[in-house]
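Worksheet for the structure shown next.
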Amino acid sequence: MRETLRSRRGMVVAPHHLAAQAGRDVLRDGGNAIEAMIASAAAIAVVYPHMNSIGGDGFWLISRPGEAPRAIDACGPAVAQADRAFYAGHDTIPSRGPLAALTVAGTVGGWARAQAISQEWGGRLPLSRLLADAAEHARHGIAVTRSQAALGAAKHDELVGVPGFAEHLFIDGRPPGVGTVLKQTRLADTLDQLARAGLDDFYRGELADAMAADLEAAGSPLRRRDLADFAAREVAPLALALHDADVYNLPPPTQGLASLMILGLFDRLGVAEGEGFAHLHGLVEATKQAFLVRDREVTDPAWMTRDPATWLTDAHLDTLADRIDPAQALPWPQPDAPGDTVWLGCIDRDGCAVSFIQSIYWEFGSGVVSPSTGVLWQNRGISFSLDPKGRQALAPGRRPFHTLNPALARFADGRTMVYGTMGGEGQPQTQAAVFTRYARFGEPIQQAISAPRWLLGRTWGENSTTLKLESRFSADLVEQLRAAGHDTEVLADAFSDTMGHAGAVIHRPDGWFEGGADPRSDGIAAGA
């Protein structure tokens, strides 16, 4: 079993070891947490291409001692031509191919906005340094991971014919196996171009010209003007005061509201001991109440009629907590959505902290790869509905609903914690499992991440809406959950990818850093 790792000069955690090391090395070179995170984000876009890409979206939570946390929304909207007329003849937006590439990719714009904040803090490392590791890995090759090989094989039939995909992410038309060296030379050239010309080139320069031309030629509705009109935005994070900590997350269009609601509801249940029926049942039932609000309320903020912070008031949380039966499960399922994502965290020696997440939605996103740039484009826009009366109805300029939500906590005793996970519906649930195990029941952070997990609903690669449990849970506990009315499904794996890839970094008031990475991933916590 892994142990919690400790360091004195900062720490980075990521679901791939090369991405964590890229950020760690920036810290060693004198960079701050934001600069380290840009390096890690760029690296993981290369070494984990099945989970994310620079053709996806991203969200940031940034904390500096003595200042209010800041958040960046780098979510791209539906492009100008993406309307119901463009999809005439379709009942739903196709999940793969050019018609699935209908939103602007926002993550590079998020890096740019974060770099501007870094420079406010005195960050001075050049972009060429921050992107160097990513470009090196892309040019000279990555060793394909188990999860990339498995997903490439599983999705071969639906991706092999998508424009650009096989040429860039398969080898001789076949998905590469574990350990195979995969080179992404066009993507390396793109990273080099960003280092020379600046991140704005992605939206208003040579790269923008090339990507827009490639996507239009493939049949996507995206055009050059859509890229030029985009800029990531700084937004106010959502916050919830618990009895011993303030917890933060992203506002809509993310499901960050649900993540905070789960913690607020669970604290009202009075559960005194971890890992038993009361702990799991309490969090699952809190999840149901939070998801009911999320599914009814959360969308692009411009289409919302209610301030999401009203759901975090004591009055609303008290009312919802009263609906939770401590012995009986609420009937389920409710509507759900899949997702593919990576979460990364960093805290530097000065206590500046970043909780960051970027995604292309489904595994390998739309599958469309711009041939001149090597950029794989997301399919986040398929979450829109072609029903004009739908909650997430498609409209040009509208931002899609996002499962992405990086988390941050500031404890009353001076600790700062960044934490998060990939995993669609599982993101708020895994955040709650990790937080409560560590903060409520005193488990070391690595143990809190490694311990058996559960998931209500679906996540990447799963369609069922049962309460899924890893096989390490005791038979007695599983039977208690079933007796309470939970539709449980015990997975074959002791450590299942279904549960996502979590991580956390903690900065203690004595100056020490603690971190944990998920044994379900290929990641590490790398101390400086």
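The values are calculated or read from the model by the stated rules, or taken from the named source; none is laboratory data. Since the structure is predicted, the reported quantities are computational estimates derived from the model, not experimental observations. Please note: Cβ atoms are built from the backbone with ideal geometry, for glycine as well, and neighbour counts cover all protein chains shown. Accessible surface is based on the protein model in full, side chains and every heavy atom, while ligands, DNA and RNA are left aside. Shrake-Rupley method; radii C 1.70, N 1.55, O 1.52, S 1.80 Å.
Stokes-Einstein diffusion for the stretch 159-252 at 10 °C, viscosity 1.306 mPa s, with a Kirkwood radius from C-alpha pairs, works out to 94 µm²/s. Work out how much length L330 to A153 would gain on full extension: take 0.36 nm times their residue separation and subtract the Cα-Cα distance, in nm to one decimal. Fully extending the segment from L330 to A153 adds 60.0 nm.
If R0 is 45 Å, the Cβ-Cβ spacing of H140 and A80 corresponds to a FRET efficiency of close to 0.70.
Per residue, what accessible area does the chain have, given a 1.4 Å probe and all protein chains present, in Å²?
33 Å²
Please report Rg over Rh for the stretch 306-453, where both radii come from the alpha carbon positions and Rh follows the Kirkwood definition. Rounded to two decimals, Rg/Rh equals 1.01.
Summarising the amide proton neighbourhood of S471: residues at separation of 5 or more, or on other chains, whose placed amide H is nearer than 5 Å comprise L491, D493, A494. With only alpha-carbon atoms in the gyration tensor, what are the semi-axes of the equivalent ellipsoid for the stretch 34-142, in Å, largest first? Computed over the stretch 34-142, the values are 31, 20, 10 Å.
Under unit Cβ charges (Lys, Arg +1; Asp, Glu -1), what dipole magnitude, rounded to 20 debye, does the stretch 135-223 have relative to its Cα centre?
Values: 9 positive and 13 negative charges, 68 e Å.
For the stretch 135-223, the charge dipole is close to 320 debye.
Distance between the 7 Å Cα→Cβ label points at S95 and D314: 4.5 nm.
Take the alpha-carbon centre of the stretch 91-125, take the same for the stretch 256-319, and report the distance between them in whole Å. Here the answer is 28 Å between Cα centres. Across the stretch 180-185, computed HN-Hα scalar couplings (Karplus, 6.51 cos²θ - 1.76 cosθ + 1.60, θ = phi - 60°) run 5, 7, 10, 9, 10, 5 Hz from first to last residue, x flagging Gly and Pro. In summary, the chain shows an alpha-carbon radius of gyration equal to 0.90 times the 2.2 N^0.38 Å reference for compact globular proteins.
The apolar share of the surface of the chain, taken as the fraction of accessible area on carbon and sulfur atoms (1.4 Å probe, ligands and nucleic acids excluded), comes to 49 percent. Determine the alpha carbon to alpha carbon distance for each of K155/K468; K155/K389; K183/K468 and list only those over 29 Å. Cα-Cα > 29 Å for K155/K389; K183/K468; rest within.
Of the residues L394, V490, I72, the one whose Cα sits farthest towards the positive end of the charge dipole of the chain is I72 (charges of +1 on Lys and Arg Cβ, -1 on Asp and Glu Cβ, taken about the Cα centre). Normalised by the number of residues in the chain, the mean separation of alpha-carbon contacts (under 8 Å, six or more apart) gives a relative contact order of 25 percent.
Report the FRET efficiency, 1/(1 + (r/R0)^6), for D322 and E273, where r is their Cβ-Cβ distance and R0 is 25 Å, rounded to 0.05.
Efficiency, rounded to the nearest 0.05: 0.70.
Here the Kirkwood formula, the inverse mean of 1/r across different C-alpha pairs, assigns the stretch 261-311 a hydrodynamic radius of 12.2 Å.
Between K183 and E216, the FRET efficiency from the beta-carbon distance, with R0 = 30 Å, is close to 0.65. As a rough guide to protection, the peptides 59-65, 199-205 ranked by mean Cβ packing within 10 Å, highest first, stand as 59-65, 199-205.
Taking Cα centre as origin and charging only the Cβ of basic (Lys, Arg, +1) and acidic (Asp, Glu, -1) residues, the dipole magnitude of the chain rounds to 600 debye. In the P(r) worked out for the stretch 223-288, what percent of Cα pairs fall beyond 15 Å? Cα-Cα pairs in the stretch 223-288 separated by more than 15 Å: 63 percent. Restricting the trypsin sites (Lys or Arg not before Pro) of the stretch 1-91 to loop positions (DSSP other than H, G, I, E, B) with no more than 12 neighbouring Cβ atoms within 10 Å leaves R8. At q = 0.14, 0.17, 0.25 Å⁻¹, what is the log10 ratio I(q)/I(0) for the stretch 127-200, with the Debye formula run over Cα points and no solvent? Listed by q, the Debye log ratios stand at -0.50, -0.69, -1.05.
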